[in-house]
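The values are calculated or read from the model by the stated rules, or taken from the named source; none is laboratory data. Treat the numbers as computed from the prediction; the structure is a model and nothing was measured. Heads up, the Cβs are rebuilt from the backbone with ideal geometry, glycines too, and the neighbour counts pull from every protein chain shown. The protein model used for the area step is the full one, side chains on, heavy atoms only, and it has no ligands, DNA or RNA in it. Shrake-Rupley method; radii C 1.70, N 1.55, O 1.52, S 1.80 Å.
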2 protein chains.
Amino acid sequence: MNKRVLPLAGFEKKIAAFREKPAPGLIIGGYMVDEITKNLPKDRFYDVICESIKCLPDAVQLLTPCSVGNGWLRILKIGRFAMTFFDKETGEGIRAYLDTEKLKKYPPINEWFFKLTPKREQDSEKLMASIRSAGGAIISLQKVKVDTDITKKKKDHKVAVCAKCHEAYPATEDGNLCKVCNGKISYYDFSGE
Amino acid sequence: MNKRVLPLAGFEKKIAAFREKPAPGLIIGGYMVDEITKNLPKDRFYDVICESIKCLPDAVQLLTPCSVGNGWLRILKIGRFAMTFFDKETGEGIRAYLDTEKLKKYPPINEWFFKLTPKREQDSEKLMASIRSAGGAIISLQKVKVDTDITKKKKDHKVAVCAKCHEAYPATEDGNLCKVCNGKISYYDFSGE
């Protein structure tokens, strides 16, 4: 939602309140949000897609009302450092990506991003200074039309109670058991009463 | 991270700053975080798994330093209203779930959760009052041991530049093209220069 995007100036302060120290990718993500929203009409609502699960979703969640939990932010595991804001009805939107050509002018960012220097040898002061000095200059924008099929809300399914664990789950193709009790997903064992 | 969990008292205020109005599931998610953290040692760090993408991830992100973008929060699409806090090294943790038996004592929450009343006929004041009065009384806890294989960091892969779009992507099995350029994932077309 464009109208209520936070000013970027307070972004690092907000990050500091949220996490211990600002990750480089998070700050660049903040500039991405800023570049996109400067170029979008101010009176419309937007959904967001992040192409990477690293850092970018947090930039969006800290600077806009779009979140994973409210469904306005989706993550597609493409692995590119890019995000798209788009109108849910028309699909029209803007995609921002880290421009590897522009990055060449900022060696500390380029080295960090392409992992050319081992992490322990990185000069994080220098990296952050380079990120702040680059701002939106390492980001490029594209006008895109998003396939709105992927953002259409699935028809609200009924809620069933699993015959084994007695917890509620979406009554879809899973029969009378939830995805854990029917063995489709497993991530824990019981370790106590 | 348990030590730095926010007091639940300020939770609704924090939600109000973040979203327009508190979703019922978000508030219940807040009580889940609270019930779990009351029962965990105070001096340890925890990762979190949410079993649903709805509301719960936002409760975790608002009340703890674990986020999707920093990798300390993972979402498994199981569809149960449950979350697990666990020690990344040992896998030991606590799982909280909405207890459908306990829910019977709170008809407004039960009706909302099982979608027994059409949304427009719901009395949201009554629902929120019932949620606040129930607090943690509709939640049950289980001691679990999480399979730490799923939380192990994948070996850091090299960063490649896609031969077609020239953006950076993880150099894995995808050859010399990113997942969009090789057609594995598609979500937009270009609509302008």
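Considering segment B:119-137, the residues that are open to solvent by 70 Å² or more (accessible area, probe 1.4 Å) and within 14 Å of chain A (Cβ to nearest Cβ) include one that is nearest to the chain's Cα centre (by Cα), namely B:LYS119. When each of B:VAL60, B:VAL68, B:VAL48, B:VAL33 is tested for being in a loop (DSSP other than H, G, I, E, B) and of a type in the set (A, V, I, L, M, F, W, C), the lone residue that passes is B:VAL68. Check segment A:60-67 and report whether any residue there is open to solvent by 30 Å² or more (accessible area, probe 1.4 Å), modelled with pLDDT under 90, assigned by TED's automatic domain parsing to the domain that holds A:LEU141 and farther than 30 Å from B:ASN176 by Cβ. No. Determine, yes or no, whether A:TRP72 is out of contact with any strand residue (DSSP E or B) (no Cβ under 9 Å at 6 or more places or on another chain) and crowded, with 17+ Cβ neighbours inside 10 Å. For A:TRP72, the condition - out of contact with any strand residue (DSSP E or B) (no Cβ under 9 Å at 6 or more places or on another chain) and crowded, with 17+ Cβ neighbours inside 10 Å - is not met.
Residues satisfying the criterion are absent from segment B:40-50 (criterion: within 11 Å of chain A (Cβ to nearest Cβ) and open to solvent by 50 Å² or more (accessible area, probe 1.4 Å)).
Among the residues of segment B:33-85, which ones are of a type in the set (Phe, Trp, Tyr) and either without any contact (Cβ under 8 Å) to a residue 60 or more places away in the chain or within 26 Å of A:GLY79 (Cβ to Cβ) (or both)? Scanning segment B:33-85 gives B:PHE45, B:TYR46, B:TRP72, B:PHE81.
Among the residues in segment A:100-109, are any farther than 21 Å from B:VAL161 by Cβ, assigned by TED's automatic domain parsing to the domain that holds A:MET32 and at pLDDT 90 or above?
There is no residue in segment A:100-109 that is farther than 21 Å from B:VAL161 by Cβ, assigned by TED's automatic domain parsing to the domain that holds A:MET32 and at pLDDT 90 or above.
Residues in segment A:60-74 that are among the aliphatic types (A, V, I, L, M) and facing chain B (nearest Cβ under 7 Å): 1 in all. For the residues A:LEU177, A:LEU103, A:LEU116, the requirement of being within 12 Å of chain B (Cβ to nearest Cβ), surrounded by 15 or more Cβ atoms within 10 Å (Cβ to Cβ) and closer than 28 Å to B:ALA168 by Cβ singles out A:LEU103.
When you check B:PHE85 against the structure, is it touching a Gly at 6+ places or on another chain (Cβ under 9 Å), surrounded by 15 or more Cβ atoms within 10 Å (Cβ to Cβ) and within 13 Å of chain A (Cβ to nearest Cβ), yes or no?
So B:PHE85 fits the description; yes.
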